[in-house]
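S.K.: Below are the structure tokens for one structure; questions will follow.
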Amino acid sequence: MDAVLLSGFVKMKKGEHALDLGTGTGIIPVLLSSRTEGASFTGLEIQAECAEMADRSVRYNGLEEKIRILQGDLKRSVEIFGQGRFDVVTSNPPYMIGQHGLTNPSLPKAIARHEILCTLEDVAEQAAGVLKDRGRLYLVHRPFRLAEIFSVLQKYRLEPKRMQLVYPYIDREPNMVLIEALKGGNSRLTVERPLIVYEKPGVYTSSILEIYGNV
């Protein structure tokens with residue numbers, strides 16, 4: 001769901017080029033290619049098995065002309081792609097640090113969920129490097145790290161411009177946050193209306209069904 005909600009939050013203009021950092025199995029580039037008029041979508045993934053799965057998914061869906069998957073370390077993104085190459089960067093980075101949560105015994109899943117091979121700061125630093133001036137970074141993350149997220153983004157001149165909190169139920173605390181940050185932007189943040197996932201157990205709200213209907 002994280003990837004689907006992030007793809008629904010992204011605003012991408014016709015002809016723009018996007019990079020997904022830590023693309024996993026490539027779901028975000030595939031979703032963005034179907035719901036936006038972007039010109040190209042690139043996914044960067046460090047784990048060979050995941051990168052191969054992402055590439056197979058791209059070929060299975062006949063999207064080779066719009067999407068490319070590269071295996072590589074996102075901490076070397078600027079070295080791999082060069083400065084100022086993309087209009088949009090997306091990332092569903094590892095959420096957990098230190099002892100937050102239980103480390104998954106499966107290494108690929110642990111890498112995806114815990115800051116083992118990259119940190120939030122790595123994502124911000126590399127995104128700032130590969131983005132054009134006025135380019136946008138889109139993140140899905142956890143609200144308990146929100147103060148840190150804003151601080152790190154601003155350190156790299158990525159100014160938070162839009163934010164949406166995601167709640168599992170209307171009477172629960174939020175468990176996700178969607179953020180748009182503008183490279184070189186001025187300080188002004190729009191907080192969008194909350195996104196509620198479930199009306200009741202197993203029943204999505206109309207807002208979630210609308211997002212899923214557009215992918």
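The values are calculated or read from the model by the stated rules, or taken from the named source; none is laboratory data. Because the structure is predicted, anything quoted here is derived from the model rather than measured. So basically every Cβ, Gly included, is an ideal-geometry build from the backbone, and we count neighbours across all protein chains shown.
S.K.: Across region 164-196, what is the total count of residues that are farther than 13 Å from Phe9 by Cα, of a type in the set (A, V, I, L, M, F, W, C) and surrounded by 20 or more Cβ atoms within 10 Å (Cβ to Cβ)?
M.R.: 2
S.K.: May I pose another question? Within region 30-53, count every residue that is farther than 20 Å from Asp122 by Cβ and touching a Ser or Thr at 6+ places or on another chain (Cβ under 7 Å).
M.R.: Going through region 30-53 one residue at a time, the tally reaches 6.
S.K.: Further question on the same structure: In the list Val215, Val197, which residue meets the criterion of being in contact with a helix residue (DSSP H, G or I) (Cβ under 6 Å, 6 or more places away or on another chain) and modelled with pLDDT under 95?
M.R.: Being in contact with a helix residue (DSSP H, G or I) (Cβ under 6 Å, 6 or more places away or on another chain) and modelled with pLDDT under 95 holds for just one of Val215, Val197, which is Val215.
S.K.: Among the residues of region 24-34, is there at least one that is surrounded by fewer than 18 Cβ atoms within 10 Å (Cβ to Cβ) and modelled with pLDDT of 95 or more?
M.R.: No: zero hits.
S.K.: To continue, here is another question. Quick one: in region 117-163, of everything that is of a type in the set (Val, Ile, Thr) and surrounded by fewer than 20 Cβ atoms within 10 Å (Cβ to Cβ), which residue is modelled with the lowest pLDDT?
M.R.: In this case the residue turns out to be Thr119.
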